[in-house]
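**Student:** Before I ask anything, let me first share the structure, which is written out below as structure tokens.
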2 protein chains.
Amino acid sequence: MDDAKFRREHRQALVDDRVSGASQLARQALESLAEYAGSCAGNDITDARARLLAFAEELQYARPSMAPLYNLVQRWSDQVERLRGDDLDAFRRAAAEAAEALCDASITAVVDAAGHAATLLDEHSVVITHSLSSTVLEVFKQIHARQRHPLRAIVSESRPGMEGRDQARALAGIGTAVTYITDAELGLFSGKATLALVGADTVLADGSVVNKVGTYLLAMAARDHGIPFYVCCESFKHVPFHAAGFELDEMPPGELDAPRHANITPRNVFFDITPARLVTGWVTETGIRAAAQ
Amino acid sequence: MDDAKFRREHRQALVDDRVSGASQLARQALESLAEYAGSCAGNDITDARARLLAFAEELQYARPSMAPLYNLVQRWSDQVERLRGDDLDAFRRAAAEAAEALCDASITAVVDAAGHAATLLDEHSVVITHSLSSTVLEVFKQIHARQRHPLRAIVSESRPGMEGRDQARALAGIGTAVTYITDAELGLFSGKATLALVGADTVLADGSVVNKVGTYLLAMAARDHGIPFYVCCESFKHVPFHAAGFELDEMPPGELDAPRHANITPRNVFFDITPARLVTGWVTETGIRAAAQ
């Protein structure tokens, strides 16, 4: 396959992927970079490096709302920039290995973050969550593996993608008693939960959380019902910038199946931003940081 | 048709109706009573009256979350109780006319309530609303009829029944520029509105609002964004009891199309209760009552 086609197709796969979380997309990008490192054109190291860095930049901006995609690919680019190989083949191998190592580090960070979040739950916990989060699923897996106590969760469907269906199925599959609700029921059912726990696509500099649209509603409902609202994600999802000017992905409006009328404009914004003041605590691989009282 | 069958079928129609608002259902019940008054069995006034009152009681409790159904039918029963006809035919006619008069009074109350709500909007207003409300639609119709200013609305779809589709279509049909969103987007889009306005199925004694599930989320979002949240409905929807023990209709869970798994329990609760503290003002045919500061 020629270089341009490979790059275009792999970038497009990231753009079109509605199902994977931000970290999964970042790891997918790193896999693409590892594969490209082994196969890209290039007569010498300088040429190959330039191609790798150009492809990395294309992938980095494929999904602007997804911080880990930017962060992990940037970290890889920084490493590739400094890589000195004895020959082209050694350089290719080293670049591919760097991508694989970052993939592994990302997975380890998720597992460690989930381990900290697991300490927030006990046998009386009823966790309410929104949409799909592999990190939230990992929390339940770890508790299940230790068979500490029964698990109960309330999961909302997350229109229009219905990612909550996959979350419900995965949680049920490991023995969690799942109550499945519409997004509109998040307010009512927050009153039946003891704790709200979500993943994140990006955590902004002030602690505000970019996550699947509807998360902000859950955070307000948790506050109104007096239950804590925790965000759990690896630190690769934290970015140094603020909400102002942050671009929220918008998906095809056709997914809403709105009535067709010249006066009707459907809007399918994929994310919302939960203000930091609604967050009880942020959980990463380094531990739990509670909000200032 | 025999009496029992007529009553069973008309009651069932109320139970099965997912589309009509509470006042429409109440008027439908009154139409059934008017029809039954003209056709029911009964050898004399006493017999016919007993049948009418028994049928009224069956209809009254067909949809426990819907106050006007109870209130309007009760008001009719009170009148029928006191009705003295010269003969059976005159009694039948009077009972039917009483039902029709209450229908008319209910419609007039909606129009008058909407008239008061219309004074809350001006040419800069962007109204965010949830689900279907004939009263909210009436507000827009009155403003449109006077061609005072362009109308803008944000309407959420209201899963699983998608009643928001009908609301969007009706609003667009009278020239409103409608932004159509998912229920999950209510938080994000409250930030683009100037005022939240909903109908109600029931207003409880303390001012809490029973309405389509998701309304509570909208009220929290309105509060968080600093925009007012108004409830507009005729006073027949106000009831003298409190939220405790109030029964919220639950619909068939199959409507959620949840993943099938022994550990997954779908819940399809039709209403939620918005606490009075989140309401800026209550609008009825008698005017606007603002919340105490």
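The values are calculated or read from the model by the stated rules, or taken from the named source; none is laboratory data. As the structure is a prediction and not an experimental result, all values here were calculated from the model. So basically every Cβ, Gly included, is an ideal-geometry build from the backbone, and we count neighbours across all protein chains shown. The area values use the complete protein model at the heavy-atom level, side chains included, leaving out ligands, DNA and RNA. Shrake-Rupley method; radii C 1.70, N 1.55, O 1.52, S 1.80 Å.
**Student:** Could you list, in sequence order, all residues of region A:250-293 that are away from chain B (no Cβ under 11 Å), part of a loop (DSSP other than H, G, I, E, B), of a type outside the set (Ser, Thr, Tyr) and buried (at least 17 other Cβ atoms within 10 Å of the Cβ)?
**Tutor:** Passing the criteria: A:Val279, A:Glu285.
**Student:** When region B:194-214 is examined, which residues are found to be among the polar types (S, T, N, Q) and within 14 Å of chain A (Cβ to nearest Cβ)? Let's see the steps before the verdict.
**Tutor:** Filtering region B:194-214 for residues among the polar types (S, T, N, Q) gives B:194, B:202, B:208, B:211.
Matches in region B:194-214: B:Ser208, B:Asn211.
**Student:** All but one of (1) open to solvent by 10 Å² or more (accessible area, probe 1.4 Å); (2) at pLDDT below 95; (3) among the aliphatic types (A, V, I, L, M); (4) more than 21 Å from B:Phe271 (Cβ to Cβ) hold for B:Ile143; state the number of the condition that does not hold.
**Tutor:** The single condition B:Ile143 does not satisfy is (1).
**Student:** Answer yes if at least one residue in region B:198-209 is outside any loop (DSSP other than H, G, I, E, B) and free of Cβ contacts under 8 Å to residues at least 40 places away in the same chain, and no otherwise. Spell out how you get there, then give the answer.
**Tutor:** So the first thing to find is which residues in region B:198-209 are outside any loop (DSSP other than H, G, I, E, B), and the list is B:198, B:202-203, B:209.
From the residues that got through so far, the ones that are free of Cβ contacts under 8 Å to residues at least 40 places away in the same chain too are none.
Scanning region B:198-209, I find no residue that is outside any loop (DSSP other than H, G, I, E, B) and free of Cβ contacts under 8 Å to residues at least 40 places away in the same chain, so the answer is no.
**Student:** All but one of (1) within 26 Å of B:Gly214 (Cβ to Cβ); (2) open to solvent by less than 10 Å² (accessible area, probe 1.4 Å); (3) more than 14 Å from chain B (Cβ to nearest Cβ) hold for A:Thr135; which doesn't?
**Tutor:** Checking A:Thr135 against (1) within 26 Å of B:Gly214 (Cβ to Cβ); (2) open to solvent by less than 10 Å² (accessible area, probe 1.4 Å); (3) more than 14 Å from chain B (Cβ to nearest Cβ), the one that fails is (1).
**Student:** Give me the pairs, please: first residue somewhere in region B:174-193 and more than 7 Å from chain A (Cβ to nearest Cβ), second residue anywhere and among the acidic types (Asp, Glu) and open to solvent by 10 Å² or more (accessible area, probe 1.4 Å), beta-carbon distance under 9 Å, and either six or more positions apart or on two chains.
**Tutor:** Hits for this filter: B:Ser190/B:Asp224; B:Gly191/B:Asp224.
**Student:** Now for a separate question. Going by the conditions given, is B:Gln60 out of contact with any strand residue (DSSP E or B) (no Cβ under 8 Å at 6 or more places or on another chain), closer than 25 Å to B:Ser235 by Cβ, open to solvent by 40 Å² or more (accessible area, probe 1.4 Å) and of a type outside the set (D, E, K, R)?
**Tutor:** Values: out of contact with any strand residue (DSSP E or B) (no Cβ under 8 Å at 6 or more places or on another chain): yes; closer than 25 Å to B:Ser235 by Cβ: yes; open to solvent by 40 Å² or more (accessible area, probe 1.4 Å): no; of a type outside the set (D, E, K, R): yes.
The answer is no for B:Gln60.
**Student:** Do we find a residue being under 18 Å from A:Leu132 (Cβ atoms), among the aromatic types (Phe, Trp, Tyr) and under 15 Å from the mean Cα position of the chain (by Cα) anywhere in region A:262-270? Lay out the reasoning, then the answer.
**Tutor:** Of the residues in region A:262-270, the ones under 18 Å from A:Leu132 (Cβ atoms) are A:268-270.
Then drop every residue that is not among the aromatic types (Phe, Trp, Tyr), which leaves A:270.
With under 15 Å from the mean Cα position of the chain (by Cα) added as a condition, the list becomes A:270.
Yes, that holds for at least one residue.
**Student:** Right, something else. Determine which single condition A:Ala37 fails, assuming it passes every other condition in (1) within 27 Å of A:Phe270 (Cβ to Cβ); (2) touching a residue at least 60 places away in the same chain (Cβ under 8 Å).
**Tutor:** (1)
**Student:** Separate question: Just give me the residues in region A:215-249 being buried (at least 19 other Cβ atoms within 10 Å of the Cβ), within 14 Å of chain B (Cβ to nearest Cβ) and part of a helix (DSSP H, G or I), in sequence order.
**Tutor:** Scanning region A:215-249 gives A:Thr215, A:Tyr216, A:Leu217, A:Leu218, A:Ala219, A:Met220, A:Ala221, A:Ala222, A:Arg223, A:Asp224.
**Student:** Would you mention how many residues in region A:95-120 are surrounded by fewer than 24 Cβ atoms within 10 Å (Cβ to Cβ) and touching a strand residue (DSSP E or B) at 6+ places or on another chain (Cβ under 7 Å)?
**Tutor:** Within region A:95-120, residues that are surrounded by fewer than 24 Cβ atoms within 10 Å (Cβ to Cβ) and touching a strand residue (DSSP E or B) at 6+ places or on another chain (Cβ under 7 Å) number 2.
**Student:** I would also like to ask the following. Can you name the residue in region B:146-171 that is closer than 18 Å to A:Gly254 by Cβ and surrounded by fewer than 23 Cβ atoms within 10 Å (Cβ to Cβ) and is also farthest from the other protein chains (Cβ to nearest Cβ) among such residues?
**Tutor:** B:Met162
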